[in-house]
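Below is one structure; the comments refer to it alone.
Each value in this text was obtained by applying a stated rule to the coordinates, not by laboratory testing. Treat the numbers as computed from the prediction; the structure is a model and nothing was measured. Backbone-built Cβ (ideal geometry, glycine too); neighbour counts: all protein chains shown.
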Amino acid sequence: MRIVYLHGFASSPQSSKARFFADKFAAVGIPFTAPQLDRGDFETLTITGQLSVVAEAVGAGPAVLMGSSLGGYLAALFAKSHPHLVERVVLLAPAFHFYQRFRGRLTDQQVAGWKQVGTMMVYHYGAKKEQPLGWQLLPDAAQYEAEPAFPQPGLILHGTEDAVIPPESSCQFAAGHQNLALHLLPSGHELTDVKDQMWDRTAAFLQIVHK
């Protein structure tokens, strides 16, 4: 088994969840990698570019994909289009309908300004400061389906108090796919206060005898 962990939007492989899971998988001897999805250049971020990073990390496979928020959406997209490379999928508060949600948080004036200027300042949680984000993200994201239905066994963990991606999003997605198990946890979007519960659910799903 090999784990490829995909961090969320404007985050990094050094996020608390990525480091937590890296330590947990290391303790049971399972290889774990968490690539930098923007290749260190947040301004040029696109869904297409991030999927190419995922492809490099997965390589010849097979791998288990784990993804948080936007990383979960990317994991679902990649798993659907590369069923022979991905064994299982673990999604943490997956950002399905990414384009619709991102566009919906902006006014028409903000979108027009972003397109005209070419960049928009966005807070980057990994860098802990605002950074420019290029316009190309929005039209690139629009071409991808909102709910990629992958065939592999999947686990979704979602917080009941998530104000960023409502838990109903995962509930509706899981209800339509018999290959998915859904567990709601008493937490918000970050899920950082239920990490041990997430590990227990993940280890059981992946049939890991953990310490």
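Before moving on, here are some points about what is shown:
- Charge context of GLY134, other residues only, Cβ under 10 angstrom, K/R +1, D/E -1: -3
- Share, in percent, of DSSP beta bridges within segment 81-157 that are antiparallel, nearest 5: 60
- Of all beta bridges that DSSP places with both ends in the chain, some 20 percent have antiparallel geometry.
- Put the Cα centre of segment 1-43 next to the Cα centre of segment 166-207 and the gap is 18 Å.
- Relative compactness, segment 158-211, computed as alpha-carbon Rg over 2.2 N^0.38 Å: 1.20
- Hydrodynamic radius of segment 133-191 by the Kirkwood approach over all distinct alpha-carbon pairs: 13.0 Å.
- Note on segment 8-131: antiparallel DSSP beta bridges, both residues inside, total approximately 35 percent of the bridges counted.
- Peptides 110-120, 52-62, ordered by how many other C-beta atoms sit within 10 Å of their residues on average, highest first, read 52-62, 110-120.
- Share of Cα-Cα pairs in segment 24-75 lying beyond 18 Å, as whole percent: 34
- Note on segment 1-159: Rg/Rh from C-alpha atoms, Kirkwood Rh, equals 0.97.
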